[in-house]
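Below: one structure, written as structure tokens.
The values are calculated or read from the model by the stated rules, or taken from the named source; none is laboratory data. Just so it is clear, the structure is predicted and the values come from calculations on it, not from any experiment. So basically every Cβ, Gly included, is an ideal-geometry build from the backbone, and we count neighbours across all protein chains shown. Side chains are part of the model used for accessible areas, which takes the heavy atoms of the whole protein and leaves out ligands, DNA and RNA. Shrake-Rupley method; radii C 1.70, N 1.55, O 1.52, S 1.80 Å.
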Amino acid sequence: MDVRAHAPSALALVGSFAVSGLVIAALAPAGTPVASTIAVVVSVGCGVVVVGFGASRLVARMPAARAMTSAVIIAAMVSMGLAVRAGLDLRTAQALSQTLIRPAPELGPGGKALLPNLNNAESVVPDRPHHPDDVNAVDRFDRFTRLRRFQASTNAQGLRGPNFASPAPGFRILCIGDSVTFGWGVADDETYPAHLGRTLNLEVLNAGMPASKPAHMAKWLQLNARSIDADLVILAARPHWAMPDPFADYQRAVQQAEAAIAPAKLAIVLPPVSTFDPMGVRDRQKEVEGLQRVLQGRPFLELTPVFWRAQSAPGVVMETDGNVQTMLRLPERTVVAQGTQSDGRLAPALVEAFEADHTLIEPLFFDGGHPDESGNALFANTVAQFLREQGLLPNRPERSSQQRP
């Protein structure tokens, strides 16, 4: 084959991909990640070229150069169409969900922080278990028919909740963590820190940040702990498995956090793992054992067993046996759906069951990773008991997290 004969077609294909990427970047809102979307468009375009070239040669008996030209033209048209659709989808997502987050390079690679002074910013999020990557897929609006809306407000310091005085007028607790602490999917007064404040009758601040990692939390405390003036800090995070040594990373973050907040005390909590989180279920016991080793006697609270014991009817849970995932209905534990998956995602049969029947829910969770309001109340009550057992609270009266001031 004369490679030089295909050079113009190759250049035209590369040019169409470049234009497609520019279209996606131009249509997507500022700051929206587009790399994965562009990669999908390019992959589909390359696939069209291969199939089109092969079909033209075998079916139409075209010369190779002409077949390649035809395939490239079709691929360019498909890529441009996908690029416009993807860009418009990204724009639609931005219209549905107001921006909550800003890049925070001061916290290290991948660091993010909440925008300050948000007033009831609304987000629309999936309302069933799913893989995190699914919310950025090109066809995500076709994948999810179950959605929930929630609003979030932040103060001048970029924490979820009202402004606060500094120095603290009394005993103050600061909750730092990821999206679970932030309260993804629930209202400001339904987060675990809000429930905890009502339970303990104490001031509790919410410094939760979606997608935050232990190292980001430690750096945030180094920058802000003095101005927050907390007497107790609750760090709620599980190990960051993308690190070369997640346990050493966690140990380092804890040590840095303790140094940053001293003489305040640090309490460590592992947020609960949903039964519909295949990788979380797989790694959970390994995380507990690893942290017992590196935290050198520091007590920590693992919430997963508490949540699993508290899950009751009506609802569904998942059991995992190797690659086999089984959705069971409570309390009789009859099989609703079953499938096989090996890449950390839910089996298609389980996803189809959730989409077909919107009444199927996991008790205490709503999306396979985040507690609902009842789950956040259980989170707060269990943390309150842990703090009391560890002698970390002042001698103040407590009340139920369900009470409102």
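Backbone amide hydrogens, once placed in the peptide plane, bring Lys112 within less than 5 Å of Ala104, excluding anything fewer than 5 places away on its chain. Within straight-line reach of Lys265, meaning a Cα separation under 17 Å, sit the following aspartates and glutamates at least 8 residues removed in sequence or on another chain: Glu203, Asp229, Asp231, Glu389. Packing around the peptides 324-332, 252-260, taken as the average count of other Cβ atoms within 10 Å per residue, puts them in this order, highest first: 252-260, 324-332. In this structure the amide hydrogen of Glu302, modeled in the peptide plane, comes within under 5 Å of the amide hydrogens of Leu270, none closer than 5 places in sequence on its chain. Using equal-weight Cα scatterers in the Debye expression, the normalised intensity of the range 263-367 in log10 at q = 0.20, 0.25 Å⁻¹ is -1.03, -1.40. Equivalent-ellipsoid semi-axes for the range 229-268 (Cα gyration tensor, √(5λ), whole Å, largest first): 22, 10, 6. Pairs of C-alpha atoms in the range 147-266 farther apart than 23 Å represent 28 percent of all such pairs.
If you sort Lys265, Lys213 by accessible surface, 1.4 Å probe, largest first, the order is Lys265, Lys213.
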